[in-house]
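K.L.:
Could you have a look at this structure, given as structure tokens, before my questions?
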Amino acid sequence: MVVPAPGLPARVRIHEVGARDGLQNEKSTVPTEVKAEFVRRLADAGLTTIEATSFVHPKWVPQLADAEQLFPLVRDLPGVELPVLVPNERGLDRALALGARRIAVFASATEAFAKANLNRTVDDALAMFEPVVTRAKAGDAHVRGYLSMCFGDPWEGPVPIHQVVHVCKSLLDMGCDELSLGDTIGVATPGHVLELLAALNEQGVPTDVLGVHFHDTYGQALANTLAALQHGVTTVDASAGGLGGCPYAKSATGNLATEDLVWMLQGLGIESGVDLGRLTATSVWMAEQLGRPSPSRTVRALSHKDQ
């Protein structure tokens, strides 16, 4: 039953991260053609922003070492944007050479995670990203800035809001078109989400450049997403079937499942353009490729009903 609630957006853009963030944490490497078929099926389900892969050195993320082979297989999907993650100028060169036009860089709100993930301080990482963003923008590419550990850090504990605001403003100042606020270890709760969003607005960061990226470690991802929607956020990161985590933060479990998000959006009368049946079938298929059931509650419920 569709029952709209007041104060919510009419439409939400889902930034699908299953093919990149979802698969980068797999213990075994997924074949390139399976990844390509996954992206194609996600597009067929109506997703129009699908993060395809990462041009990180294979040593650091071996599961995505086939970026050069994968991207040409999917880059011509009609009506679909295919962002790719790049860590530095070399990664940018590899991505641009293949025709990528949506680039993402990944910063940290905490020193401990910047050290673990990038082997740099927060400021050194920002300095590394600046020429990447500048060159990408000069080539008419759209640039997204990911910000990890916006709410809590496994080494540092709760993250001060002013710290997050500082890095967000730095990313925008260097030219990022949008930001994704990451709850990398899934410790956020709705009040914390609203306080961070309000603090960003107070410091001149508009809501329309913000997306949210929640992990479901403590079962709070949907509640946190609803709080963000109530604030006016209209871009939500999610991963088909709830795949993913973070290889550099052991307490990070899976992302918000795209199916769980779409179920909630449909119930609220919020458009996303996604066909839930096709998406569920895609996640069931991908779970078969990985040899285990999907952690998404909606996938389990809907696929059980079909049996």
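K.L.:
What tally of residues in the range 3-17 results from selecting those that are touching a helix residue (DSSP H, G or I) at 6+ places or on another chain (Cβ under 7 Å) and open to solvent by 20 Å² or more (accessible area, probe 1.4 Å)? Give the derivation first.
P.N.:
Going through the range 3-17, the residues touching a helix residue (DSSP H, G or I) at 6+ places or on another chain (Cβ under 7 Å) turn out to be 3, 7-9, 12, 14, 16.
Narrowing further to those that are open to solvent by 20 Å² or more (accessible area, probe 1.4 Å): 3, 7-9.
Counting residues in the range 3-17 that are touching a helix residue (DSSP H, G or I) at 6+ places or on another chain (Cβ under 7 Å) and open to solvent by 20 Å² or more (accessible area, probe 1.4 Å) gives 4.
K.L.:
Would you confirm, using the coordinates I've provided, whether VAL105 is part of a helix (DSSP H, G or I), among the hydrophobic types (A, V, I, L, M, F, W, C) and crowded, with 21+ Cβ neighbours inside 10 Å?
P.N.:
Working: part of a helix (DSSP H, G or I): no; among the hydrophobic types (A, V, I, L, M, F, W, C): yes; crowded, with 21+ Cβ neighbours inside 10 Å: yes.
No.
K.L.:
For the subset of the range 111-142 comprising residues that are touching an Asp or Glu at 6+ places or on another chain (Cβ under 7 Å) and farther than 19 Å from ASP173 by Cα, which member is most open to solvent (accessible area, probe 1.4 Å)?
P.N.:
Among them, the one singled out is ALA112.
K.L.:
Six or more apart or on different chains, Cβ atoms under 7 Å: show the pairs whose first residue is in the range 58-86 and in contact (Cβ under 8 Å) with a residue 12 or more places away in the chain and β-branched (Val, Ile, Thr) and whose second is in a helix (DSSP H, G or I) and open to solvent by 60 Å² or more (accessible area, probe 1.4 Å).
P.N.:
VAL74/ARG40
K.L.:
Follow-up. Out of everything in the range 1-44 that is out of contact with any Leu (no Cβ under 8 Å at 6 or more places or on another chain), basic (Lys, Arg) and not in a strand (DSSP E or B), what residue ends up being modelled with the highest pLDDT?
P.N.:
Going through the qualifying residues, I end up with ARG41.
K.L.:
Kindly list the number of the only condition in (1) among the small types (Gly, Ala, Ser); (2) without any contact (Cβ under 8 Å) to a residue 40 or more places away in the chain; (3) surrounded by fewer than 20 Cβ atoms within 10 Å (Cβ to Cβ) that fails for GLY46.
P.N.:
With (1) among the small types (Gly, Ala, Ser); (2) without any contact (Cβ under 8 Å) to a residue 40 or more places away in the chain; (3) surrounded by fewer than 20 Cβ atoms within 10 Å (Cβ to Cβ) applied to GLY46, the lone miss is (2).
The values are calculated or read from the model by the stated rules, or taken from the named source; none is laboratory data. Please read these numbers as outputs of a predicted model, since none were measured by experiment. Note: ideal-geometry Cβ built from the backbone for every residue, glycine included; neighbour counts use all protein chains shown. Each accessible area value is taken on the protein alone, full model and side chains, heavy atoms only, with ligands, DNA and RNA left out. Shrake-Rupley method; radii C 1.70, N 1.55, O 1.52, S 1.80 Å.
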